[in-house]
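The values are calculated or read from the model by the stated rules, or taken from the named source; none is laboratory data. Just so you know, these numbers come straight off a predicted model, no measurement behind them. FYI the Cβ positions are ideal-geometry reconstructions off the backbone, even for glycines, and counts take in every protein chain you see.
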Amino acid sequence: MCGYEALQKKYGVPLKDLKDDNFISLRHDGIDYQISETALKSDFLINVPVLKAHCQTRMTCCMKNLKGCMPQSEMRRFHALGLHKPIAGLNVLLKTHFCVVDGICGDLSYEEGGTPVEANRIIAGLNPLLIDSYCAQLIGYNINDIGYLSYGKKYGIGEYYSKDTKIIELNAEQKPVCDVKSQGTQSVPRIAEKYQNIIDEREACSVCYAALIFALHRKGSSMKGKKICIGQGFKEKSSSDFFGIGNCTQGFKTYVKGCPPKAVDILKIING
């Protein structure tokens, strides 16, 4: 359904189901692992996860996505081991060389879907821990809220995202504007609809709007009568009564910086 077989035929690239692969036994920090031989012996491993929330680990992205390089029995065993430590250990044993995160439409609360939020963003980089720590903040979590990130730092997989991390943004002038009114279906109501009474949205970029919805979902819908303003329609406008989200609302007395801002920074303002 995703078109991989057509790509295989077009470019002559082998397509392999790793569940049918040979597996190599390795050990790290007291835990035994069965890992795909093909993945371990690859010259250059590209990891393409979807950024979304997870009911047990809070978030799933680059590091957790490597579980796809293990047999199903190992995936189940990871849950018995608490997930966080074995996920980090797997990333020590199986090195990712390049990560491309699909942040186009992730889910607020559950890895199987049901509460989608459209962000229209792709994030790429070399280190899975660095990217995951950045992505955690995008969807409203502090880095240390995600246990496998803490283990990853301890194991030396990489560094956390910080204000000194260099980010190169492509196509900044072409951020898609979210279409709040047309999103959603009858069978799966948009989670954002429950917050419409407190959001004043005017030409907001979808990535900025998604950050706000992630933040509100973490907090809950109660804002004590406060209105939140977001979007390019608020450029050069001012307010001392409403919250502003993103650099377009920098004329507001209280606003969250960023283009787009991170959900974790939005939470600091609305919780304050």
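Values computed for the structure shown
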read-out	value
For LEU149: the one exception among (1) within 30 Å of VAL92 (Cβ to Cβ); (2) modelled with pLDDT under 90; (3) not basic (Lys, Arg)	(2)
Segment 76-94: number of residues that are part of a loop (DSSP other than H, G, I, E, B) and either over 20 Å from ILE146 (Cα atoms) or hydrophobic (A, V, I, L, M, F, W, C) (or both)	3
Any chance LEU40 is hydrophobic (A, V, I, L, M, F, W, C), over 30 Å from ALA210 (Cβ atoms), surrounded by 13 or more Cβ atoms within 10 Å (Cβ to Cβ) and at pLDDT 90 or above	yes
Segment 214-232 - residue that is of a type in the set (Gly, Ala, Ser) and surrounded by 15 or more Cβ atoms within 10 Å (Cβ to Cβ) and, of those, modelled with the highest pLDDT	GLY231
Candidates ASN144, ASN127, filtered to the one that is under 29 Å from LEU26 (Cα atoms), at pLDDT below 95 and either within 13 Å of the chain's Cα centre (by Cα) or not acidic (Asp, Glu) (or both)	ASN144
Subset of segment 173-205 [among the small types (Gly, Ala, Ser) and modelled with pLDDT of 80 or more]	ALA204
Residue list for segment 236-256, restricted to those being modelled with pLDDT under 90 and closer than 20 Å to CYS178 by Cα	PHE243
Test: residue in segment 155-163 that is surrounded by 19 or more Cβ atoms within 10 Å (Cβ to Cβ) and either more than 19 Å from ASN47 (Cα to Cα) or of a type in the set (Asp, Glu) (or both)	no
Residue list for segment 53-69, restricted to those being within 16 Å of PRO128 (Cβ to Cβ) and of a type outside the set (S, T, N, Q)	HIS54, MET59, CYS61, CYS62, MET63, LYS64, LEU66, LYS67, GLY68, CYS69
Count of residues meeting criterion [basic (Lys, Arg) and touching a residue at least 40 places away in the same chain (Cβ under 8 Å)] in segment 1-26	1
The lone exception for SER73 - which of (1) free of Cβ contacts under 8 Å to residues at least 60 places away in the same chain; (2) in a strand (DSSP E or B); (3) over 24 Å from the mean Cα position of the chain (by Cα) it fails	(2)
Meets criteria (part of a strand (DSSP E or B) and farther than 24 Å from ASP20 by Cβ) for GLY103	yes
Criterion: polar (S, T, N, Q) and either within 21 Å of VAL264 (Cα to Cα) or in contact with a Ser or Thr (Cβ under 9 Å, 6 or more places away or on another chain) (or both) - qualifying residue of THR115, THR96	THR115
Positions within segment 37-52 being in contact (Cβ under 8 Å) with a residue 40 or more places away in the chain and touching an Asp or Glu at 6+ places or on another chain (Cβ under 6 Å), in sequence order	VAL50, LYS52
